[in-house]
Amino acid sequence: MIEKQRIRQSEQPMPRPIDQAIIAYWNGGLSIIPVNPKTKRPAGYLLPQAQDSDGNPLYYQKQADGSLTTTTVKTGSPKGTWEPFQSRRPTEQEINRWIAANVESVAVIAGKVSGGVEILDFDVPGFYEAWATLVGADGDLPRQRTGGGGTQIAWRCSSPEGNQKLAWQPDAAQKSGRKIAIETRGEHGYALLPPSLHPSGRRYELVNGKFSQIPVINDRHRLFLITC
């Protein structure tokens with residue numbers, strides 16, 4: 001277990017709420033990564049350097065049109081990757097580094113690496129309420145309000161699947177004529193956790209339970225929740 005006194009390396013008199021959350025999530029058995037709060041994408045500069053198929057370190061190279069490509073030439077801009085954390089949890093040293101860097105957002109990597117975590121994500125207003133009516137009370141399952149106004153619920157199970165799209169809503173503005181209303185974050189997926197900062201400036205807010213203590217549910221219960 002990480003001791004708070006050992007991990008507190010900044011000169012702040014008290015740990016920030018996000019720092020306390022990072023420690024709790026790590027101690028709770030989650031594989032987590034730092035996230036850029038402006039893009040909701042992994043914070044590459046704090047992650048291990050990516051490599052090509054031959055094991056050569058990769059770097060970003062800016063093109064004339066402003067786009068970025070990858071190269072093995074040492075440009076001074078290493079390409080970070082969150083792929084290692086899909087199969088292992090971060091070390092204490094990596095956690096210390098992220099906290100020292102004052103990260104504002106952190107995400108859990110779902111799947112077996114985090115003990116079988118799956119996230120159920122409701123993006124469109126009204127869909128969570130309709131689902132909750134079908135399933136009844138969601139008991140001790142952790143629930144949060146996302147920075148974008150959605151709702152997310154988490155559980156652990158013995159056989160987490162990959163990301164799934166479960167429901168849609170008609171949307172003429174989309175090329176497909178619809179947008180995703182409910183989806184999951186499973187194996188090789190990730191989801192931001194409270195109190196992470198959202199691009200809107202709002203923070204993810206815990207509503208119920210603890211994401212540092214995500215309970216295990218049996219396969220029958222999981223199937224029921226997914227089917228609903």
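The values are calculated or read from the model by the stated rules, or taken from the named source; none is laboratory data. These figures come from a predicted structure and were not determined experimentally. When we count neighbours, we look across all protein chains shown, and the Cβ atoms used for this are built from the backbone with ideal geometry, even at glycine. When the accessible area is computed, the model is the full protein with side chains, heavy atoms only, and any ligands, DNA or RNA have been set aside. Shrake-Rupley method; radii C 1.70, N 1.55, O 1.52, S 1.80 Å.
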Looking for whichever is more than 26 Å from residue 200 (Cα to Cα) and open to solvent by less than 60 Å² (accessible area, probe 1.4 Å) here; the options are 78, 84. Which one fits?
-> 84
Taking into account only those residues within segment 33-59 that are over 24 Å from the mean Cα position of the chain (by Cα) and open to solvent by 50 Å² or more (accessible area, probe 1.4 Å), which is nearest to residue 98 (Cα to Cα)?
-> 57
Can you find a residue in segment 147-158 that is open to solvent by less than 60 Å² (accessible area, probe 1.4 Å), in contact with a helix residue (DSSP H, G or I) (Cβ under 7 Å, 6 or more places away or on another chain) and closer than 21 Å to residue 34 by Cβ?
-> yes
Of the residues that sit in segment 97-118 and are open to solvent by less than 20 Å² (accessible area, probe 1.4 Å) and of a type outside the set (Val, Ile, Thr), which one is farthest from residue 190 (Cα to Cα)?
-> 98
Going through segment 217-228 in order, the residues found to be exposed (fewer than 13 other Cβ atoms within 10 Å of the Cβ) and not in a helix (DSSP H, G or I) are 218
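Scan segment 119-146 residue by residue and report those that are surrounded by 13 or more Cβ atoms within 10 Å (Cβ to Cβ), in contact (Cβ under 8 Å) with a residue 12 or more places away in the chain, aliphatic (A, V, I, L, M) and more than 12 Å from residue 207 (Cα to Cα).
Selection gives 119, 120, 124, 135.
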Confirm whether residue 175 is on the phi < 0 side of the Ramachandran plot, open to solvent by 50 Å² or more (accessible area, probe 1.4 Å) and within 15 Å of the chain's Cα centre (by Cα).
-> no
So is residue 91 more than 19 Å from residue 194 (Cβ to Cβ), open to solvent by 40 Å² or more (accessible area, probe 1.4 Å) and either of a type in the set (Ser, Thr, Tyr) or modelled with pLDDT of 95 or more (or both) or not?
-> yes
